[in-house]
1. Any chance you could check the Cα centroid distance between the range 162-178 and the range 214-234 for me, in angstrom?
2. Between helix 155-168 and the chain, what is the angle of the helix's C-alpha long axis to the longest principal axis, kept within 0 to 90° and rounded to the nearest 10?
3. How do the peptides 184-190, 141-147 rank, highest first, by the average count of neighbouring beta carbon atoms within 10 Å per residue?
4. I'd like the Karplus ³J(HN,Hα) series for the range 71-85: coefficients 6.51, -1.76, 1.60, θ = phi - 60°, whole numbers in Hz, and an x wherever there's a Gly or Pro.
5. Calculate, for the range 1-151, the solvent-accessible area per residue in square angstrom, rolling a 1.4 angstrom probe over the heavy atoms of the protein chains.
6. Roughly what would the spin-label model give for N221 and T238, points 7 Å off Cα along C-beta, in nm?
7. Would you mind putting 27-39, 43-55 in packing order, based on average other-beta-carbon counts within 10 Å, highest first?
8. Carbon-plus-sulfur fraction of the accessible area of the range 61-175, 1.4 Å probe, in percent?
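The values are calculated or read from the model by the stated rules, or taken from the named source; none is laboratory data. Source: prediction; values computed, not measured. Neighbour counts run over all protein chains shown; Cβ positions are idealised from the backbone, glycine included. To get the accessible areas, we keep the full protein, side chains included, count just its heavy atoms, and leave off ligands, DNA and RNA. Shrake-Rupley method; radii C 1.70, N 1.55, O 1.52, S 1.80 Å.
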Amino acid sequence: MLELKDINMIFNPATPDENRALTGINLKINRGDFITVIGSNGAGKSTLYNVIAGTLKPSSGKIYFNKDGTTPKDITAEPEYKRARYMGRIFQNPLLGTAGNMKLEDNMVISSKKGNKGLKFTLNSKTREHFRQQLMQLNMGLENRLSDNVDQFSGGQRQALTLLMAVMSRPDLLLLDEHTAALDPSNAELIMNLTLKFTNEMGLTTMMVTHNMQHALDYGNRLLMMHKGQIILDISGTEKKNLKMDDLIGRFKDLKINSDRMLLQ
């Protein structure tokens with residue numbers, strides 16, 4: 001569905017501050033994948049996420065998108081706002097996914113228009129009832145607060161709402177950037193349960209960047225490990241399912257050592 005070919009991302013090239021954030025990334029994201037991405041600070045996780053989302057244009061390499069068996073399209077130069085038509089994004093900060101100074105129902109109207117060209121969403125009794133039905137899935141009572149401004153909600157409520165609005169348009173790719181990291185353990189568990197519910201029920205293709213190695217093991221069918229701008233491990237299926245925490249930590253240490261040796265050669 002999405003393919004990255006020989007992607008390099010260099011910040012401040014040919015200067016003393018040059019930083020090779022991504023080096024030779026080759027990655028295929030298949031339809032239906034739920035990929036978890038782990039790595040230490042500075043490994044390139046967020047840079048990879050932003051290159052896929054269109055926030056950053058790679059220094060070199062190509063990105064191709066293939067929708068429902070169509071001919072792959074080169075989207076390397078396509079800006080973020082255009083990719084937003086088929087990519088949903090959720091950030092670490094719960095406040096970034098919603099407009100706090102707007103009513104809940106207005107936020108949902110805006111999200112409902114995404115990916116629905118030419119369709120008009122008018123706030124009427126039928127639309128509000130549809131929104132209430134959607135919000136009931138969160139089990140937070142938000143279905144009774146359609147006229148409240150979103151800035152009245154807690155961080156957990158806003159992140160749950162952001163997740164719901166992101167999946168309502170059924171994006172081709174859902175991008176999650178440590179979307180539970182800023183939440184307390186209770187709300188983090190709630191958001192992960194909702195994430196699993198929506199991705200399973202809708203069959204969404206998902207990439208989740210996380211620092212939580214247990215989440216990387218527990219969720220998804222595929223795991224990527226990054227180190228110094230490279231993907232040093234890509235496992236899926238039974239291999240990932242049978243992987244234990246001690247095994248993952250051990251492989252992380254060994255692969256980091258091997259990667260560092262190769263970089264020094």
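1. Answer, in whole Å: 20.
2. 90 degrees
3. Working: 184-190: 13.9, 141-147: 15.4.
Sorting 184-190, 141-147 by mean packing, highest first, produces 141-147, 184-190.
4. Values, residue by residue: 4, x, 10, 6, 10, 3, 9, 6, x, 4, 5, 6, 5, 4, 5 Hz.
5. Numbers: 8010 Å² over 151 residues.
So the range 1-151 comes to 53 Å² accessible per residue, rounded to a whole number.
6. The two pseudo-label positions are separated by 1.6 nm.
7. Details: 27-39: 19.1, 43-55: 21.0.
My ranking of the peptides, most packed first, is 43-55, 27-39.
8. About 49 percent, which is the carbon plus sulfur part of the accessible surface.
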